[in-house]
Amino acid sequence: MGNRTLVIGIGNNSRGDDGLGWACLDRLAERPLGAWQLEYRYQLAPEDAELMAHFPAVLFIDACASALPGGFSLEPCPPDPGAGLYTHQQTPGAVLHLCRELYGRQPQAWLLRIQGHKWTLGTGLTKAARSNLKQAVAHLFQYFQEPLAACPGPTFLAQN
Amino acid sequence: MAKKIIIDPVTRVEGHGRVTIHLNDQGTVEDAFFHIVEFRGFERFIQGRPYWEVPVLVQRLCGICPVSHHLAAAKAIDQLVGVDPETLSPAADKLRRLLHYGQVFQSHALHFFYLASPDLLFGEEQPVALRNVVGVAMADKELARKGILMRKFGQEIIRAVAGKRIHGVAAVPGGMYQTFTATERDYFLQGGDVPSVDTMIEWSQEMLHFIRDYHDEHRAWLDTFASYPSGHLGLVRTDGALDLYHGRLRAIDSNGLRTLADVPTDVYAKYFTEDVERWSYMKFPYLKHLGREKGWNRVGPLARMNVCDYIPTPLAEKGRRGFFSYIGNSVNNHTMYTHWARLIEMLHCAEVIRELLNDPELLSDDLQRSGRQRLEGIGIIEAPRGTLTHHYVVDERGKIIRCNLIVSTTHNNEAMNRAVRWVARQTLEHQSTITESMLNQVEVAIRAYDPCLSCATHALGKMPLQAELYDHQGQCLQVVSNHG
């Protein structure tokens, strides 16, 4: 897998705007930038730590219920030792922490959050969510002119 | 002063449940209940849908065991197109078995390593912040790494057969959609991104040694905690062997006497009925001829160990014999031995997967059969958590007009309620203060059954736990929080 980038979309496209993470992957698949590996997830689980240990860079994409300026945010995502309390429903930071602890790897990681508005049963995004998605994808392609793996700083720790 | 304790939601289980414990003025437990408080209604809303949609629709019951619902429904739908398990093509039968045993393997791995192991490794006195999968990973990295890869192996088997790890499509009416390839077979035999099937067998044996040693160290607790007599129900082959995909229904009482003597699955309704309680959306199934009080049964790994005569793979059979010689009885009614039984089944699944991978017929493209259309179909399977029943009736146009699902966790409803009462009486009676560790013991008993409350009723549970202690006037006396 070498210099590939792992992109994980989190959500459920049967719950309205919770499908934003998967919809974003669909957009990336239409216009791939470099060597991306796309993974669709309902939720993160401990085995994702094993998967991301094979990649130098990871991008998480998830819907967000909170208000975000411009409808999305893209931020670095550090390992979070204090977040892994829910066993088979993990946060990105908790899985990165597991990855570091179990496999001695710390991929460069980002979290793209896209604001959603409606979370009830049903497929399809709201108009506002679709607009936020469009802005987020445009920003993503602009920000990452190169594959994420080319960004500086994938850290490999001593295997323990 | 009378009190009521509420644990809501119960953690490290699939779905949303609540426990209430009622104490009287003397601090004695008067009663305790395990409630399922949300409603799904799958049986209702698939009515009117064409039968061929059902195996795909019902997968949405669950994100953990969608394959079990897919295959139970497929077995029922096979009958609607005139195909019985005995007339399914050999290749389709083997592909379904590969899918099913991969599913049970990954589900058992998830439960043991992610959900139950914190209870076993740390004990209830340890801080709640430690009692989770990250805590396990910090305490025993080798165990955690193996657990993750064992679950991944089962998931990759599912992906190979069904196209996706969750909610794939494999079975179609009368057979299977696509065959297995030699490349896929070799991947699992020789190993790739996941270790080989031989490694899975080796690691499963290691886990059996681990749980045996654990029982040696904690025998007093494991032989008594939430232990009570019950019936046991499961599928067996006609020769009495364990079979997770198809067989006859056998039930025994707590002493091993047969209460249901190997009846065909398509007559289940003659023997089983279900009761309801106003305080839960989950029903209570039982054997009609024994009545509600005596006719309920545990299902799942422990029940399957108890009802089968033997396991048809050598290493798991050796494990089963060791299991029963350890306790010295022919029937085991100790709830906490369910974990041991689950690990024996993991080994069995890995052995079966190896057998199937080495079977040339797995690569055959003779995948579908058809027959004379029928109006009723019944599919029963041994899901990871126990006996799972799908029953459909269609009209002449093939639209579903009636559906009955008896999910594994529903069979265990009575058993889990008794477990809650047992623990409440042993740990909470006459206590001036209710601690988080006391409440966790209630959850430990429930978790042993690996309940899937999503399947049994409804979906996502919020994970934080909060217990509130009320007096008889409804005044909150104490709040105990848990985030495990």
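Counting 0.36 nm for each residue step from A:ALA67 to A:GLN37 and taking away their Cα separation leaves a gain of 7.9 nm.
Axis angle, to the nearest 10 degrees, between helix B:314-327 and the longest C-alpha principal axis of chain B: 20 degrees. Between B:HIS167 and B:ILE401, the C-beta separation translates, for a Förster distance of 25 Å, into a calculated FRET efficiency of about 0.45. Relative contact order for the range B:42-411: 27 percent, from Cα pairs under 8 Å spaced at least 6 residues apart, divided by residue count.
Take every Cα pair under 8 Å whose residues are at least 6 apart in sequence, average their separation, divide by the length of the range B:332-429, and the relative contact order is 14 percent.
Rolling a 1.4 Å probe over the protein chains gives A:ILE10 an accessible area of about 20 Å². Bridge orientation summary for chain B: considering DSSP beta bridges with both residues in this region, about 95 percent are antiparallel. Modelled spin labels at B:ARG145 and B:GLU376, positioned 7 Å past Cα toward Cβ, are 5.6 nm from each other. Mean sequence separation of contacting Cα pairs (under 8 Å, at least six apart), scaled by the length of the range B:198-356, corresponds to a relative contact order of 29 percent.
Using R0 = 60 Å, the C-beta based FRET efficiency linking B:ARG212 and B:ALA182 works out to 0.95. In this structure the protein assembly as shown gives 38 Å² per residue of accessible area when probed at 1.4 Å with all protein chains present. Between A:ARG27 and B:LYS4, the simple label model (points 7 Å from Cα in the Cβ direction) yields a spacing of 4.9 nm.
Each Lys or Arg adds one and each Asp or Glu subtracts one; over the other residues with Cβ under 13 Å from the Cβ of B:GLU30, this totals +1. Relative to the current alpha-carbon distance between B:GLN190 and B:ASP309, full extension at 0.36 nm per residue lengthens the span by 39.6 nm. Sorting B:LEU302, B:LEU149 by solvent-accessible area of protein heavy atoms yields B:LEU149, B:LEU302, largest first, with a 1.4 Å probe. Here the spin labels are modelled as points 7 Å beyond Cα on the Cα-Cβ line, and at B:TYR326 and B:THR87 they lie 4.5 nm apart. Taking B:THR409, A:THR120, B:THR435 and ordering them by how much accessible surface each has at a 1.4 Å probe, largest first, produces A:THR120, B:THR435, B:THR409. Within the protein assembly as shown, DSSP assigns beta bridges of which about 70% are antiparallel (rounded to the nearest 5).
Between chain A and chain B, the total buried accessible area stands at approximately 2300 Å², from heavy atoms with a 1.4 Å probe.
Ordering B:ARG369, B:ARG151, B:ARG97 by accessible surface, largest first, gives B:ARG369, B:ARG97, B:ARG151; the 1.4 Å probe counts only protein heavy atoms, with every chain in place.
Straight-distance candidates among the aspartates and glutamates for linking to B:LYS288, with alpha-carbon spacing under 19 Å and chain neighbours fewer than 8 residues away dropped: B:ASP253, B:ASP262, B:ASP266, B:GLU274, B:ASP275, B:GLU277, B:GLU414. Relative to the longest principal axis of the Cα atoms of chain B, the long axis of helix B:338-357 makes an angle of roughly 10 degrees.
Full extension of the segment from B:ASN358 to B:TRP52, taken as 0.36 nm per residue of separation minus the current Cα-Cα distance, would add 107.0 nm.
Calculate, for B:TYR228 and A:HIS139, the FRET efficiency according to 1/(1 + (r/R0)^6) with r their C-beta to C-beta distance and R0 51 Å; round to the nearest 0.05.
0.30
Ligands, DNA and RNA excluded, the heavy atoms of A:LEU102 present near 0 Å² of accessible surface to a 1.4 Å solvent probe. The GluC sites (Glu not before Pro) of the range B:380-459 that meet both conditions, a loop assignment by DSSP and at most 11 other Cβ atoms within 10 Å of the site Cβ, are B:GLU396. Just so you know, the Rg over Rh for chain B is 0.96, from Cα atoms, with Rh as the Kirkwood radius. Using a probe of 1.4 Å, the accessible surface attributed to B:TYR51 totals some 30 Å² when neighbouring protein chains are kept in position.
The values are calculated or read from the model by the stated rules, or taken from the named source; none is laboratory data. Computed from a prediction, not measured in an experiment: that's the story for all the values here. Note: ideal-geometry Cβ built from the backbone for every residue, glycine included; neighbour counts use all protein chains shown. The area values use the complete protein model at the heavy-atom level, side chains included, leaving out ligands, DNA and RNA. Shrake-Rupley method; radii C 1.70, N 1.55, O 1.52, S 1.80 Å.
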